[in-house]
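Have a look at the structure below, then the notes.
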Amino acid sequence: MPNLSQLKRERMLAFLQKIKNEHRDDDDMLIALGEIESELTSKKYGLVWEQHEEAVDVMMRDHIPVFTEVPEREITAAPGQGYNFILEGDNLHSLRLLEKTHKGRIDVIYIDPPYNTGNKDFIYDDAYVDTEDGFRHSKWASFMSERLQYAKRLLNDKGFIAISIDDNEYAVLKLLCDEVFGAHNYLTTFHVQVRYPDKSISTEDKVFKPLMEYILFYAKDANEIVIHQEEADYGLEKFCFRIKEKATGTPFSVGNQDVVVFKPGEWEIEKIDGCLTGLKETWITGSIYTTMSYGKVFQTVVEPRIDTDGLGCLYKVLGRGDDGLGYRYYTGPQRATAKKGKMFSGVPLDKAASFQNGTAPKKKIPIVTTYDFSADFGNIRHEGAMPFGSGKKPVKMLKQIINYNPKKDAIVLDFFAGSGSTGHAVLDLNADGGNRTFIMCTNNQNGICENTTFPRIRNVVQGYAATDPIPANVKYYRTDFVSKDDEYLSDSLLEHIREMIQLEHGVKIDGSQYLMVMSDEEADDLQAHWSEYEGVKAIYASKEVLFTTEQNALFAGVEIHTIPDYYFNFELKEVGETW
């Protein structure tokens, strides 16, 4: 069948070319026709939306975002540990800066973006987007697309992103994530029950009352990611069958595969107690039949022989299996109405060796993708001793998501941090002896960062209600801006270098354990007073600083980092400056 849209597009392009030929000397006309042609030839498959430029994008044309520390909001309750960060400001500005310090370094991203319900949950350019806005969905897609592009660049190759969403934008978000992260990196969608069936979600009667929300789960690289799975003892209870060959059977071959078939009466199966020498039965059906190697053997060896051999046969397929037996048994259909059969296999050699060495082997438990967190959502209001409106997520759920990353020193990012639940979950998880850290970004709309995000983390660190304190260190930054027209732009940006170093390395430049040296004079002064320092761990030095041979010997054993150009060098080059 012809592609009617393509044929129509080709006719229109041909007509445009005709008009172009007739107006070769009219530059304005040619420019306009070129724009029309560009629209006609743009992508026609996938998610397409109207592009919208945000005020925060416009601001970055003439201003450079920077972080300014708010020292009175620093929390220091875990000596010797690294720092977590709360970043106040539009998350697009924070992501721009995080790309400089954390590109390819983030292990886990969890976000709970606005669901775009039309009920004052999504603010775009300082205005609520309601159901009457004809560009409601394209604004949301444009808003999310730019931020997800940053997220992809921030993730490391073994990292993943988990995104909460509901029915309003699930379909759009799925297509958007397929485009940004690649459909091949889609891992799963978690279906989360968030309320009980009999719980009212509004004062009005509704025909449908949704109980579920979703968490889209994508890898940066599905070939590299390792997911932490719970384990259980690998038991022998299923290895409870023994097959007796009562005759020599009839050999045959299928291609290069040698097989022996046993007719009814030439074999029998008996049930035994599970043991190392027993066999386990596996039904060849469903995805095992369609995708697994077991199913392929059944399709190529057993099925073609059913009419020839009849029902109730046993097939000994030679040279197969990981159990050391040198064969696997398959049964054909046992009755006329049946079409499928079973496979019988022994204990894999690696598992058998563990049993023989007295060590119970483990097996990974597949992760289910439907969860009932309705009770947790019902009791969520005062988690962290901070009441919060709709959108707050339970710590239990977030801990589960974060814990799918096996690293106990994972860096976790949430750039729609609002209630601070992600930071709370990270600190809670560290009860397992881990040293995970969080970076949370949120605006300060209605004072949310100052009055909710930060106080909640402070409560968790100090302990609240009947909970114990969880020692941690936290720095609080606020997004600020430096004009590109600043007469002393280089110097103005240098004033914010400390924040970038601290963020990248998770430390505090305290003038004691962590030092910053910006000139040869400061290096000389440090040398002169070196005997007064104890326990210096790292020195962060400007690339303009040239340590002398004596200084290098004196500072031996201390990490020395050169302050990189990538913090603001690109912006300086734009205006013709350098450090």
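The values are calculated or read from the model by the stated rules, or taken from the named source; none is laboratory data. What you see is a predicted model; the values in this text were computed from it and never measured. Reconstructed Cβ throughout: ideal geometry from the backbone, glycine too, with neighbour counts over all protein chains shown.
Based on what the data block shows, is Tyr83 among the hydroxyl-bearing types (Ser, Thr, Tyr), modelled with pLDDT under 85 and touching a Lys or Arg at 6+ places or on another chain (Cβ under 6 Å)? For Tyr83, the condition - among the hydroxyl-bearing types (Ser, Thr, Tyr), modelled with pLDDT under 85 and touching a Lys or Arg at 6+ places or on another chain (Cβ under 6 Å) - is not met.
Return yes or no: is Gly235 over 30 Å from Lys407 (Cα atoms) and either at pLDDT below 95 or surrounded by fewer than 13 Cβ atoms within 10 Å (Cβ to Cβ) (or both)? No, not satisfied. Of the helices (runs of 4 or more DSSP H) lying entirely inside region 424-534, the ones with 1 or more residues being at pLDDT 95 or above and either assigned by TED's automatic domain parsing to the domain that holds Gly89 or touching a Ser or Thr at 6+ places or on another chain (Cβ under 9 Å) (or both) are found at 454-462, 497-505, 520-528.
Of the candidates Ala417, Ala431, the single residue that is of a type in the set (Gly, Ala, Ser) and surrounded by fewer than 23 Cβ atoms within 10 Å (Cβ to Cβ) is Ala431. Among the residues of region 239-257, those that are under 51 Å from the mean Cα position of the chain (by Cα) and exposed (fewer than 14 other Cβ atoms within 10 Å of the Cβ) comprise Lys244, Ser253, Gly255, Asn256.
Say whether the condition of being surrounded by 19 or more Cβ atoms within 10 Å (Cβ to Cβ) and in contact with a His (Cβ under 8 Å, 6 or more places away or on another chain) is met by at least one residue in region 524-535. No, region 524-535 has no match at all. Quick check on my filter: what residues within region 340-356 are within 17 Å of Ile269 (Cα to Cα) and either surrounded by fewer than 18 Cβ atoms within 10 Å (Cβ to Cβ) or among the charged types (D, E, K, R) (or both)? Within region 340-356, just Lys342 meets the criteria.
The sole residue among Lys393, Lys407 that is of a type outside the set (Val, Ile, Thr), within 18 Å of the chain's Cα centre (by Cα) and modelled with pLDDT under 95 is Lys393. Being assigned to a strand (DSSP E or B) and at negative phi is a condition met by no residue of region 284-301.
Filter region 111-144 down to the residues that are surrounded by fewer than 19 Cβ atoms within 10 Å (Cβ to Cβ) and aliphatic (A, V, I, L, M), then identify the one that is modelled with the highest pLDDT. So the residue we want is Ile123. Being closer than 21 Å to Gly506 by Cα, touching a Cys at 6+ places or on another chain (Cβ under 8 Å) and not β-branched (Val, Ile, Thr) narrows it down to one of Asp409, Asp414, Asp432, so name that one. The unique qualifying residue is Asp414. Is it fair to say Leu311 is among the aliphatic types (A, V, I, L, M), touching a Gly at 6+ places or on another chain (Cβ under 8 Å) and modelled with pLDDT of 95 or more? No. Quick one: in region 247-273, which of the residues that are without any contact (Cβ under 8 Å) to a residue 60 or more places away in the chain and of a type in the set (Asp, Glu) is farthest from Thr331 (Cα to Cα)? Once the filter is applied, the top-ranked residue is Asp273. Condition check for Asp273 on (1) in a loop (DSSP other than H, G, I, E, B); (2) under 17 Å from Lys316 (Cβ atoms): one failure, at (2).
Somewhere in region 548-558, is a residue within 27 Å of Thr437 (Cα to Cα) and outside the structural domain of Met59 (by TED's automatic domain parsing)? Yes, there is a match, as at least one residue in region 548-558 is within 27 Å of Thr437 (Cα to Cα) and outside the structural domain of Met59 (by TED's automatic domain parsing). Residues in region 369-389 that are part of a helix (DSSP H, G or I) and either hydroxyl-bearing (Ser, Thr, Tyr) or at positive phi (or both): Ser374, Gly384, Ala385.
Okay, residues lined up against (1) loosely packed, with under 12 Cβ neighbours inside 10 Å; (2) assigned to a helix (DSSP H, G or I); (3) modelled with pLDDT under 90; (4) not acidic (Asp, Glu):
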| position | (1), (2), (3), (4) |
| --- | --- |
| Val317 | no, no, no, yes |
| Gly324 | yes, no, no, yes |
| Tyr330 | no, no, no, yes |
| Ala338 | yes, no, yes, yes |
| Gly358 | yes, no, yes, yes |
| Lys363 | no, no, yes, yes |
| Ile367 | no, no, no, yes |
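Here is a yes/no grid of residues against (1) without any contact (Cβ under 8 Å) to a residue 40 or more places away in the chain; (2) assigned by TED's automatic domain parsing to the domain that holds Phe377; (3) in contact with a Gly (Cβ under 8 Å, 6 or more places away or on another chain):
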{"position": "Glu179", "(1), (2), (3)": "no, yes, yes"}
{"position": "Phe190", "(1), (2), (3)": "no, yes, no"}
{"position": "Tyr196", "(1), (2), (3)": "no, yes, yes"}
{"position": "Glu213", "(1), (2), (3)": "no, yes, no"}
{"position": "Asp221", "(1), (2), (3)": "no, yes, no"}
{"position": "Ile225", "(1), (2), (3)": "no, yes, yes"}
{"position": "Arg242", "(1), (2), (3)": "yes, no, yes"}
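Within region 467-515, the set of residues being touching a residue at least 40 places away in the same chain (Cβ under 8 Å), among the acidic types (Asp, Glu) and more than 19 Å from Lys573 (Cα to Cα) comprises Asp480, Glu499, Glu504. Residues in region 86-110 that are more than 22 Å from Arg61 (Cβ to Cβ) and surrounded by fewer than 24 Cβ atoms within 10 Å (Cβ to Cβ): Thr101, His102, Lys103, Gly104, Arg105, Ile106, Asp107. Give all pairs with beta carbons closer than 7 Å in which a residue from region 290-318 that is closer than 15 Å to Gly255 by Cβ and in contact (Cβ under 8 Å) with a residue 60 or more places away in the chain meets a residue that is among the charged types (D, E, K, R) and surrounded by 18 or more Cβ atoms within 10 Å (Cβ to Cβ); count only pairs at least 6 apart in sequence or on separate chains. Partner pairs satisfying both residue conditions: Val317/Arg328.
Among the criteria (1) part of a helix (DSSP H, G or I); (2) in contact (Cβ under 8 Å) with a residue 40 or more places away in the chain, the one Asp167 does not fulfil is (1).
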